[in-house]
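Structure record follows, encoded as structure tokens.
The values are calculated or read from the model by the stated rules, or taken from the named source; none is laboratory data. These figures come from a predicted structure and were not determined experimentally. Cβ sites come from the backbone with ideal geometry, for glycine too, and all protein chains shown count toward neighbours.
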Amino acid sequence: MKLSSISVGRSCRLGSAAVIALICLGATGLVSADDPGTIVPRVAVFEFAEPDESSNRMVGRRAADATWLALHSEGVWELVESEWLRRTCAEAQASPPFGLGYLQMLGDRVRAALAIAGQVQVCELDVERGTAQVTLTAELIETLGGESLAAYRGVASSRREPGEMLDHALDRALTEAAANLARSFASFHPAAAIVLATLPDGRVMLDGPAEPAVQPGAKLLVYRASRAGTVVSGSLEVKTSQLSVLHAVQLSGEKPVQGDRAVVVAR
């Protein structure tokens, strides 16, 4: 599901093996404290778009904050600090819904190889029943080439407790829907592989972990060591997985070369 195809449906209404210094990895990821050879991709969670009639409840920002917290709990990525991202967006006079060009530009400014852009597709508040119903949609974008790597939906509802404001029920619904999104985005094995060669037919051969760690359909970011540090050079999709040998096709970026490191970021 492409970013352009995620549309607002209903209004929110009442009713490589080299040791790399951390500073050099700031542009794309960091080195895990548990495994110095592991690269952890960096992700920016952008404010969600929201229905035109949102009752001034800032549901887009609240949805993004809930998603950030849920992803932080999953612990598979390094996350860009929310306030820094908001300041960067404000400086660029950019607001949701973010076009692909803005996601790439802003991702570069906050040194994030991945961006999550979402929408509050449904936000229904029923004052009489004291209920809140929420549907969130979000997409994972690789910011170098603008490739869509994954898209998911989170749905939740909540009822107001006695004496509570309806906004508390809305917060619970947003938190649950965001948790659903985060579980979907994080439902991959955080494995890495080394590029062995690019074959004459265009397939990329990698030496990776034994099955079933990396299955066909997995999306990988390709990292390349350079004098400036480690940078993202493109993305791949695994097509076949036989024991520890993977064959993938290039989705974006430069042609992979022997020694590049590829990190799974989506399934």
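Comparison of Glu78, Glu91 shows that the only residue that is in the same structural domain as Ser157 (by TED's automatic domain parsing) and either of a type in the set (A, V, I, L, M) or under 23 Å from Leu221 (Cα atoms) (or both) is Glu78.
Quick one: would you say Thr137 is surrounded by 15 or more Cβ atoms within 10 Å (Cβ to Cβ), polar (S, T, N, Q), modelled with pLDDT of 95 or more and closer than 27 Å to Thr230 by Cβ? So Thr137 fails the test.
In region 205-229, of all residues being among the aliphatic types (A, V, I, L, M) and surrounded by fewer than 16 Cβ atoms within 10 Å (Cβ to Cβ), the one that is farthest from Ile39 (Cα to Cα) corresponds to Ala210. Name the single residue that is surrounded by the most Cβ atoms within 10 Å (Cβ to Cβ) among those in region 59-84 being among the aliphatic types (A, V, I, L, M) and more than 28 Å from Glu124 (Cα to Cα). The qualifying residue surrounded by the most Cβ atoms within 10 Å (Cβ to Cβ) is Val80.
Out of the residues in region 167-204 meeting the condition of being of a type in the set (A, V, I, L, M) and surrounded by fewer than 18 Cβ atoms within 10 Å (Cβ to Cβ), tell me which one is farthest from the chain's Cα centre (by Cα).
The extreme case among them is Leu199.
Filtering Ser54, Ser16 for residues that are modelled with pLDDT under 50, assigned by TED's automatic domain parsing to the domain that holds Ala156 and among the hydroxyl-bearing types (Ser, Thr, Tyr) leaves a single hit, Ser16. If only residues of region 86-101 that are touching a Leu at 6+ places or on another chain (Cβ under 8 Å) and over 17 Å from Ala138 (Cα atoms) are counted, the one that is surrounded by the fewest Cβ atoms within 10 Å (Cβ to Cβ) is Ala92.
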